[in-house]
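The values are calculated or read from the model by the stated rules, or taken from the named source; none is laboratory data. From a predicted model like this one, the values you see are computed outputs, not experimental measurements. Positions of Cβ are backbone-derived with ideal geometry, glycine not excepted, and every protein chain shown enters the neighbour counts. SASA here: full protein model, heavy atoms, side chains in, ligands and nucleic acids out. Shrake-Rupley method; radii C 1.70, N 1.55, O 1.52, S 1.80 Å.
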Amino acid sequence: MVAKTDPHIQKAYDQLLYMSGNEEKRLLYEARQKAINDYNTQMYSNWHDGYSEGEEKKLIELICKKMKKNCSAEEIADLLEIFKKQPQTIMMPEMPRDSFEKKLYATYLSYLPPCKIKFPLKMNLDERGSFTELLRTSCCGQFSVNISRPGAVKGQHWHHTKWEFFMVVSGHGLIRERQVGVDEQGKPYPVLEFEVSGERIEAVHMLPGYVHSIHNLSDTEDLVTLMWANEPFDRMRADTYSEPV
(Lines give C-alpha, C1' and ligand atoms only; values in the text may rest on other atoms or scores of the structure.)
Protein backbone atom coordinates (compact mmCIF):
# COMPACT_ATOMS: atom_id res chain seq x y z
CA MET A 1 0.00 0.00 0.00
CA VAL A 2 1.50 3.33 -1.05
CA ALA A 3 0.42 5.05 2.17
CA LYS A 4 3.02 3.00 4.03
CA THR A 5 5.88 4.23 1.87
CA ASP A 6 5.73 7.81 3.08
CA PRO A 7 5.22 8.96 6.70
CA HIS A 8 3.19 11.99 5.67
CA ILE A 9 0.88 9.94 3.43
CA GLN A 10 0.60 7.34 6.23
CA LYS A 11 -0.34 10.05 8.69
CA ALA A 12 -2.99 11.39 6.32
CA TYR A 13 -4.24 7.82 5.75
CA ASP A 14 -4.50 7.16 9.51
CA GLN A 15 -6.35 10.42 9.92
CA LEU A 16 -8.83 9.51 7.21
CA LEU A 17 -9.45 6.11 8.82
CA TYR A 18 -10.10 7.87 12.12
CA MET A 19 -12.46 10.27 10.39
CA SER A 20 -14.44 7.49 8.72
CA GLY A 21 -15.44 5.91 12.04
CA ASN A 22 -17.01 8.96 13.71
CA GLU A 23 -20.17 10.95 13.42
CA GLU A 24 -20.07 13.56 10.68
CA LYS A 25 -20.39 16.60 12.92
CA ARG A 26 -17.56 15.49 15.18
CA LEU A 27 -15.59 14.25 12.19
CA LEU A 28 -15.64 17.61 10.44
CA TYR A 29 -14.41 19.46 13.51
CA GLU A 30 -11.73 17.03 14.68
CA ALA A 31 -10.36 16.20 11.24
CA ARG A 32 -10.10 19.87 10.37
CA GLN A 33 -8.20 20.59 13.58
CA LYS A 34 -5.93 17.58 13.08
CA ALA A 35 -5.18 18.59 9.50
CA ILE A 36 -4.19 22.06 10.64
CA ASN A 37 -1.98 20.67 13.41
CA ASP A 38 -0.29 18.16 11.11
CA TYR A 39 0.34 20.85 8.57
CA ASN A 40 1.89 23.22 11.07
CA THR A 41 3.94 20.77 13.13
CA GLN A 42 5.20 18.18 10.66
CA MET A 43 4.63 18.77 6.94
CA TYR A 44 5.26 22.48 6.48
CA SER A 45 6.56 23.92 9.73
CA ASN A 46 7.21 27.66 9.90
CA TRP A 47 5.27 28.24 6.68
CA HIS A 48 2.34 30.66 6.67
CA ASP A 49 -0.11 29.90 3.86
CA GLY A 50 -3.16 32.05 4.55
CA TYR A 51 -5.52 29.18 3.62
CA SER A 52 -8.98 30.20 4.80
CA GLU A 53 -10.95 28.34 7.44
CA GLY A 54 -13.90 28.06 5.08
CA GLU A 55 -11.83 26.37 2.37
CA GLU A 56 -10.39 23.89 4.85
CA LYS A 57 -13.89 22.95 5.99
CA LYS A 58 -14.98 22.51 2.36
CA LEU A 59 -12.11 20.10 1.78
CA ILE A 60 -13.00 17.99 4.83
CA GLU A 61 -16.65 17.94 3.80
CA LEU A 62 -15.62 16.90 0.30
CA ILE A 63 -13.51 14.02 1.63
CA CYS A 64 -16.36 12.88 3.86
CA LYS A 65 -18.80 12.83 0.95
CA LYS A 66 -16.34 10.97 -1.21
CA MET A 67 -15.76 8.32 1.43
CA LYS A 68 -19.52 7.80 1.66
CA LYS A 69 -19.55 7.23 -2.12
CA ASN A 70 -17.24 4.19 -1.92
CA CYS A 71 -13.98 6.13 -2.12
CA SER A 72 -11.82 4.73 0.64
CA ALA A 73 -9.18 6.44 2.71
CA GLU A 74 -6.58 4.31 0.91
CA GLU A 75 -7.76 5.61 -2.49
CA ILE A 76 -7.42 9.18 -1.26
CA ALA A 77 -3.93 8.38 0.05
CA ASP A 78 -3.06 6.91 -3.38
CA LEU A 79 -4.18 10.15 -5.04
CA LEU A 80 -1.98 12.18 -2.71
CA GLU A 81 0.96 9.92 -3.57
CA ILE A 82 0.36 10.52 -7.31
CA PHE A 83 0.24 14.26 -6.71
CA LYS A 84 3.47 14.11 -4.74
CA LYS A 85 5.31 12.24 -7.53
CA GLN A 86 4.06 14.47 -10.37
CA PRO A 87 7.29 16.55 -10.59
CA GLN A 88 9.23 13.32 -11.20
CA THR A 89 6.77 11.53 -13.50
CA ILE A 90 5.52 14.76 -15.19
CA MET A 91 2.28 12.79 -15.60
CA MET A 92 -0.83 14.88 -15.01
CA PRO A 93 -3.61 12.64 -13.64
CA GLU A 94 -7.07 12.80 -15.12
CA MET A 95 -9.17 15.39 -13.30
CA PRO A 96 -12.60 15.93 -14.87
CA ARG A 97 -14.27 19.28 -14.43
CA ASP A 98 -15.63 19.81 -10.89
CA SER A 99 -14.37 16.34 -9.86
CA PHE A 100 -13.16 15.39 -6.41
CA GLU A 101 -9.69 14.74 -7.84
CA LYS A 102 -9.48 18.26 -9.28
CA LYS A 103 -10.51 19.88 -6.00
CA LEU A 104 -8.16 17.70 -3.96
CA TYR A 105 -5.24 18.50 -6.28
CA ALA A 106 -5.99 22.23 -6.14
CA THR A 107 -5.99 22.04 -2.35
CA TYR A 108 -2.78 19.99 -2.34
CA LEU A 109 -1.05 22.62 -4.51
CA SER A 110 -2.22 25.43 -2.25
CA TYR A 111 -0.26 23.83 0.62
CA LEU A 112 3.06 23.49 -1.24
CA PRO A 113 5.99 25.09 0.61
CA PRO A 114 8.20 27.49 -1.36
CA CYS A 115 10.91 24.83 -1.87
CA LYS A 116 8.43 22.60 -3.78
CA ILE A 117 6.88 25.23 -6.05
CA LYS A 118 9.76 25.03 -8.56
CA PHE A 119 11.17 21.71 -9.78
CA PRO A 120 13.73 20.66 -12.42
CA LEU A 121 12.98 18.90 -15.72
CA LYS A 122 15.21 16.37 -17.45
CA MET A 123 17.00 17.97 -20.40
CA ASN A 124 18.32 15.57 -23.04
CA LEU A 125 21.42 17.29 -24.42
CA ASP A 126 23.67 16.73 -27.43
CA GLU A 127 25.70 18.84 -29.85
CA ARG A 128 22.50 19.83 -31.72
CA GLY A 129 20.80 21.32 -28.65
CA SER A 130 18.29 19.87 -26.19
CA PHE A 131 14.96 18.10 -25.95
CA THR A 132 12.88 18.32 -22.76
CA GLU A 133 9.58 16.65 -21.93
CA LEU A 134 7.33 19.15 -20.16
CA LEU A 135 4.13 17.30 -19.35
CA ARG A 136 2.58 13.89 -19.97
CA THR A 137 -1.12 13.02 -19.86
CA SER A 138 -2.90 9.68 -20.07
CA CYS A 139 -5.41 10.76 -22.72
CA CYS A 140 -4.23 14.10 -24.16
CA GLY A 141 -0.69 13.33 -25.26
CA GLN A 142 2.64 14.85 -24.34
CA PHE A 143 4.11 18.37 -24.42
CA SER A 144 7.82 18.99 -25.00
CA VAL A 145 10.22 21.78 -25.90
CA ASN A 146 13.03 21.39 -28.42
CA ILE A 147 16.00 23.76 -28.67
CA SER A 148 18.11 23.55 -31.84
CA ARG A 149 21.54 25.18 -32.01
CA PRO A 150 22.40 27.42 -34.99
CA GLY A 151 22.49 25.35 -38.18
CA ALA A 152 21.34 22.15 -36.47
CA VAL A 153 18.98 19.66 -38.15
CA LYS A 154 16.79 17.44 -35.99
CA GLY A 155 14.19 14.79 -36.63
CA GLN A 156 14.90 12.71 -39.74
CA HIS A 157 12.37 10.04 -38.72
CA TRP A 158 8.73 9.06 -39.17
CA HIS A 159 5.90 7.43 -37.22
CA HIS A 160 3.20 4.90 -38.08
CA THR A 161 0.31 6.15 -35.93
CA LYS A 162 1.83 8.94 -33.86
CA TRP A 163 1.24 12.51 -34.98
CA GLU A 164 2.57 15.81 -33.70
CA PHE A 165 2.28 19.58 -33.83
CA PHE A 166 5.47 21.68 -34.09
CA MET A 167 5.17 25.32 -33.03
CA VAL A 168 8.27 27.50 -33.33
CA VAL A 169 8.14 30.21 -30.66
CA SER A 170 11.60 31.72 -31.14
CA GLY A 171 14.07 31.76 -34.01
CA HIS A 172 13.85 31.01 -37.72
CA GLY A 173 13.61 27.50 -39.14
CA LEU A 174 12.52 25.18 -41.90
CA ILE A 175 10.31 22.12 -41.43
CA ARG A 176 10.50 19.48 -44.17
CA GLU A 177 8.17 16.49 -44.65
CA ARG A 178 8.01 13.68 -47.19
CA GLN A 179 5.67 10.72 -47.46
CA VAL A 180 7.57 7.45 -47.03
CA GLY A 181 7.85 5.06 -49.96
CA VAL A 182 7.43 5.82 -53.66
CA ASP A 183 4.57 6.86 -55.94
CA GLU A 184 2.96 4.85 -58.79
CA GLN A 185 5.91 5.67 -61.06
CA GLY A 186 8.37 4.38 -58.47
CA LYS A 187 9.63 7.85 -57.66
CA PRO A 188 10.04 9.34 -54.17
CA TYR A 189 7.19 11.58 -53.08
CA PRO A 190 7.87 15.34 -53.18
CA VAL A 191 9.28 17.10 -50.14
CA LEU A 192 6.96 19.62 -48.46
CA GLU A 193 8.68 22.65 -46.93
CA PHE A 194 7.34 25.05 -44.30
CA GLU A 195 9.36 28.08 -43.23
CA VAL A 196 8.59 28.95 -39.61
CA SER A 197 9.48 31.79 -37.27
CA GLY A 198 8.86 32.98 -33.73
CA GLU A 199 7.83 36.29 -35.27
CA ARG A 200 4.66 34.59 -36.52
CA ILE A 201 3.75 31.54 -34.45
CA GLU A 202 2.07 28.77 -36.43
CA ALA A 203 1.32 25.08 -35.85
CA VAL A 204 2.59 22.55 -38.38
CA HIS A 205 1.27 18.96 -38.52
CA MET A 206 3.84 16.16 -38.45
CA LEU A 207 1.82 13.65 -40.44
CA PRO A 208 1.83 9.89 -39.75
CA GLY A 209 3.78 8.07 -42.46
CA TYR A 210 5.79 11.20 -43.33
CA VAL A 211 9.51 11.59 -42.64
CA HIS A 212 10.06 14.98 -41.04
CA SER A 213 12.91 17.23 -39.96
CA ILE A 214 13.40 20.70 -38.54
CA HIS A 215 16.39 22.88 -39.51
CA ASN A 216 17.58 25.96 -37.66
CA LEU A 217 18.28 28.47 -40.43
CA SER A 218 20.03 30.97 -38.16
CA ASP A 219 23.81 31.17 -37.80
CA THR A 220 23.63 32.88 -34.42
CA GLU A 221 20.32 32.18 -32.62
CA ASP A 222 18.74 29.08 -31.13
CA LEU A 223 15.50 27.75 -32.58
CA VAL A 224 12.91 27.03 -29.86
CA THR A 225 10.03 24.72 -30.79
CA LEU A 226 7.08 23.71 -28.63
CA MET A 227 5.99 20.18 -29.57
CA TRP A 228 2.82 18.21 -28.88
CA ALA A 229 2.42 14.49 -29.59
CA ASN A 230 -0.83 12.56 -29.40
CA GLU A 231 0.67 10.04 -26.97
CA PRO A 232 3.48 10.01 -24.37
CA PHE A 233 6.77 8.55 -25.60
CA ASP A 234 7.20 4.87 -24.70
CA ARG A 235 10.66 3.37 -25.27
CA MET A 236 9.16 -0.11 -25.54
CA ARG A 237 6.76 1.07 -28.27
CA ALA A 238 8.56 4.05 -29.70
CA ASP A 239 6.88 4.05 -33.15
CA THR A 240 9.87 6.03 -34.46
CA TYR A 241 11.82 5.02 -37.58
CA SER A 242 14.98 6.79 -38.76
CA GLU A 243 15.07 7.98 -42.37
CA PRO A 244 16.37 11.19 -43.94
CA VAL A 245 13.89 13.51 -45.58
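Summary of the geometry: the range 128-189 and the range 190-210, compared by the centres of their Cα atoms, lie 9 Å apart. If the chain linking D98 and C115 were pulled fully straight, counting 0.36 nm for each residue of separation and taking away their Cα-Cα distance, it would gain 3.3 nm. Applying 1/(1 + (r/R0)^6) with R0 = 22 Å to the Cβ-Cβ distance of F194 and V153 gives a FRET efficiency near 0.90.
The simple Förster model, with R0 at 30 Å and r as the Cβ-Cβ distance, assigns E127 and K84 a FRET efficiency of 0.25.
Taking each residue as 0.36 nm, the span from M167 to D219 lengthens on full extension beyond its C-alpha to C-alpha distance by 16.7 nm. Computed from the C-beta positions of L134 and K187, the FRET efficiency with R₀ = 30 Å rounds to 0.15. Atom-type composition of the exposed protein surface of the range 60-214 places 57 percent of the accessible area on carbon and sulfur (1.4 angstrom probe).
Net charge within 13 Å of R237 by Cβ-Cβ distance, Lys/Arg positive one each and Asp/Glu negative one each, not counting R237 itself?
Around R237, the surrounding residues sum to -1.
A cut-off of 5 Å between modelled amide H atoms, ignoring neighbours fewer than 5 places along the same chain, links M91 with R136.
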